[in-house]
Amino acid sequence: MSEDTSPESENTLNHLKDEKSPYLLQHRDNPVDWYPWGEEAFQKAKDENKPIFLSIGYSTCHWCHVMSRESFQDPEIGQLINQVFVPVKVDREERPDIDSIYMTVCQMITGSGGWPLTIIMTPDLKPFFAGTYFPKDTGPRGTGLRDLILNVHELWENQEGELLKSADELTVSLEKISQGKPGDSLPPEIITQTYHSLQENFDQQYAGFGTNQKFPTPHHLLFLLRYWKQTGETEALNMIQETLKAMRKGGIYDHIGFGFHRYTVDQQWIIPHFEKMLYDQALLAMAYTEAYQATGETEYRETAEEVLEYILRDMRSPEGGFYSAEDADSEGEEGKFYLWTAEEIQDLLGPEDGALFQTVYSISPEGNFKDEARGIKTGKNILHRTKTWDEISAELEIPSDQLWWKMEHAREVLFPAREARIHPGKDDKILTDWNGLVITALSIAGKVFGREDYLVAAGEAVDFIMTHLHSQGRLKHRWREGESAIEGNLDDYAYLIWGLLELYQATFQAEYLKAALKLNQTLTKHFWDNEEGGYYFTPDHAPQILVRQKEAYDTALPSGNSVQQMNLERLYLLTGENNFRETSESLEKYFSPTMKQTPAAFTMFLSAIMFQTSPSFEVTILGEKDSLDTQGMLKALQKEYLPQVVLVLKSSSDDLIKELIPSLENKTMVGNQATAYVCGDGTCQAPVNTPEELINLLK
């Protein structure tokens, strides 16, 4: 992030001054004497017998900014915190392991969670209090931070023993949650149960899931696409299409510069919290790409390409990696960069085009964006459409293609005008796991849309990670300003393996498959629980934390165990090596008791189960990659939505792929032309030589 680099005297800076995290650097000049997570802070707490005040957030979090302005920048509150606690700041994106543990604690204590996350704990890291945002003073918004500090201080002074006992009991409960026991394989009906659960939670009026705040949940959409493909259930496809169209029309989408905001605070997808997260862009680009493959609707392709244009334009580092996020706030105001007045639109577009643009994007003089504190309209507008292009076209009696081009011309005028504004901050740290998702999205879209530039960008991102975030077979989690740090976690490995598998199947460069196999070996060695099964989130060589967790439920991101379940199944199909299937079966059994309770929380894992239990195929094409007959087969496959297929290309010069998949030696070309073998369930169909025959075998 571009933080203020003006000279500051050393004594105005706290212990965060040498950190790399943009979030931590935002707090380096607070009067709160923040420490980074580490032994220095823990030892100080022990030496002074003070509880630790742990504050967890991230650089683009609106309410983190609010709490910082109200409390952490206040000298009186800063002095109070310093007197009573040892204060520790954590960037949840840098340390998702710490965040996950203490978010679980917050949910156990309060029944909910969020950021900023506020934890008070003993010097040995055992929590006894949890909450999220606190205003400075007690009032309508709840208990104030000032009163909280004073109350905890009194309790620590007078009832320290009881607090320590409470912390011990909470830690024991946390350990029990993290120590599951394996069960049986999942029953086949769990897939249909999950579909019905999503169906019940679907918003029939505005699409998406739930009837309050609206989150994109792309893993639900990816599950539903696979369920539709497997069952032909049209209602599943309707839910997907209505949601994708509602998001694309809504204020959650940036209609000028592209990309999706984090979520909307309303049911109708109109009023967003404006931060843009790299992982949302990647996962939604995948969902729109797959929906295009499944339906052929051009709007989905256009949306996927726009999102990827945003990533490549605004989120790509000169070195080839991808930045993490863009802030919701600029100039101290949420959404200021993205909002428009009717007058601004008229001035930039002129009366005729301006009036048309205002009609299409629901712009009015009074505005539709309200001041958060006072709840009154500000005269500023969030761009959104309430109708489809065809509906607006019919209503205005303008041909649909002409209307679209007029709006595109208007966008091309408004975009540079907006670029001249002060931009929200950019969190420019590069995370291995989120980059893995972008590599996946670029690889899938590059293959489906025939976009070589996407595949080049994906390859350059892989090169960046392997150069800067990979050493001696192990991954690091974060890179910024030339420094790689923090041991790689499960998501780093699982997401990157996913990306490498997709990039191999888009480019057929066997070194990507080789890299995926090697990373999988490291993951198994350092993360797998040999006694009970399942992958831990942290490796066996990572610094000690309170609890070593294993999770499979999806949050805003799909869980690493879920993604790895799919990776294992695909590696099994690609290589035929039984150890991948054995590990995936063990992984399924470990999490099955939890998944049976709330299956809709595990849609990414259950997508992998569908892959495992439905007919799945390895397609091997023998031929030269650039020859017309080989390309004919590859293009035929790329047009079809085939989530149950993995693809291998064996050319005469590719010795590495033959080394990685020895069974390829048994497959030979027929008739001296490109030949396809379709194998599944341990048997192979007779080889075929035409795209039509190949697609028929897969249908």
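Derivation of every value follows stated rules applied to the coordinates shown; laboratory data play no part. Just so you know, these numbers come straight off a predicted model, no measurement behind them. Glycine also receives a Cβ, built like all others from the backbone with ideal geometry; neighbour counts cover every protein chain displayed.
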### Task
Report the local net charge at Glu412: Lys and Arg +1, Asp and Glu -1, summed over other residues whose C-beta lies under 12 Å from its C-beta.
0
### Peptides ranked, highest mean first, by Cβ atoms within 10 Å: ranges 603-613, 447-457
603-613, 447-457
### Message
Please report the spacing between the Cα centers of the range 639-699 and the range 392-467 in Å, no decimals.
### Response
33 Å
### Message
Run lengths n ≥ 4 of DSSP H only: what is the helix-derived mean residue ellipticity at 222 nm for the chain, with -39500 (n - 2.57) per run over all residues, to the nearest 500?
### Response
-15500 deg cm²/dmol
### Query
How much space per residue, in cubic angstrom, does the convex hull of the C-alpha atoms of the range 259-365 take up?
151 Å³
### Summary
Cα-based Rg/(2.2 N^0.38 Å) for the range 617-698, rounded to two decimals, is 1.00
### Summary
Taking Cα pairs closer than 8 Å and at least 6 residues apart, the relative contact order of the range 28-79 in percent is 58 percent
### Task
Using the charge dipole of the range 293-430 (Lys, Arg: +1 at Cβ; Asp, Glu: -1 at Cβ; taken about the Cα centre), state which of Gly375, Gly350, Ala417 has its Cα farthest towards the positive end.
Gly375
### Query
If contacts are Cα pairs under 8 angstrom and at least 6 residues apart, what is the relative contact order of the range 474-517 in percent?
27 percent
### Query
Roughly how many debye, to the nearest 20, is the charge dipole of the chain about its Cα centre, given +1 on each Lys and Arg Cβ, -1 on each Asp and Glu Cβ, and no other charges?
1000 debye
### Task
Only Lys, Arg, Asp and Glu count, each charged at its Cβ (+1, +1, -1, -1), so figure out the dipole size of the range 276-336 about its Cα centre, rounded to 20 debye.
280 debye
## Note on the structure
Residue ranges of DSSP H helices in the chain that stretch 18 Å or more (Cα, own long axis) and have mean Kyte-Doolittle hydropathy of at least 1.6 are none
### Message
Quick test of your reading: applying the under-4.7 Å Cβ rule, which cysteines of the chain are isolated?
### Response
Cys106
### Task
Could you give the C-alpha radius of gyration of the chain expressed as a fraction of 2.2 N^0.38 Å, taking N as the number of residues it contains?
0.99
### Task
Can you tell me which of 221-231, 386-396, 581-591 comes out highest on packing, and rank the rest after it, using the mean Cβ neighbours within 10 Å?
221-231, 581-591, 386-396
### Query
Order of 691-699, 433-441, 190-198 by packing, highest average Cβ count within 10 Å first?
433-441, 190-198, 691-699
### Summary
Here the relative contact order (percent) of the range 10-177, from C-alpha pairs under 8 Å and at least 6 apart, is 22 percent
### Debye-sum result for the range 11-105 in log10 I(q)/I(0), which assumes one identical scatterer on each alpha carbon, at q = 0.13, 0.14, 0.18, 0.26 Å⁻¹
-0.40, -0.47, -0.81, -1.57
## Note on the structure
If every Lys and Arg gets +1 and every Asp and Glu gets -1 at its Cβ, then about the Cα centre the range 433-555 yields a dipole, in debye to the nearest 20, of 200 debye
### Message
Going by Cα centres, the range 268-336 and the range 239-267 are how many Å apart?
### Response
10 Å
### Task
Over the alpha-carbon set of the range 441-594, divide Rg by the Kirkwood Rh and report the Rg/Rh ratio to two decimals.
0.97
#### Entry: Length released on extending from Phe415 to Asn579, taking residue separation times 0.36 nm less the Cα-Cα span
53.8 nm
### Task
Towards the positive end of the charge dipole of the chain, with charges on Cβ (+1 Lys, Arg; -1 Asp, Glu), say which of Leu164, Pro51, Gly183 has the farthest Cα.
Gly183
### Summary
The pairs in Lys50/Lys126; Lys214/Lys429; Lys89/Lys370; Lys229/Lys518 lying past 21 Å Cα-Cα in this model are Lys214/Lys429; Lys89/Lys370; Lys229/Lys518
### Query
How big is the range 338-419 on each of its three principal axes, counting only the C-alpha atoms and giving the largest first in Å?
42, 26, 19
### Message
With unit charges on the beta carbons (Lys and Arg positive, Asp and Glu negative) and the dipole taken about the Cα centre of the chain, which residue among Thr440, Val456, Thr690 sits farthest to the positive side?
### Response
Thr690
### Task
Calculate the radius of gyration of the Cα atoms of the range 10-177 to one decimal place, then report Dmax, the largest Cα-Cα distance, as a whole number, both in Å.
14.8, 45
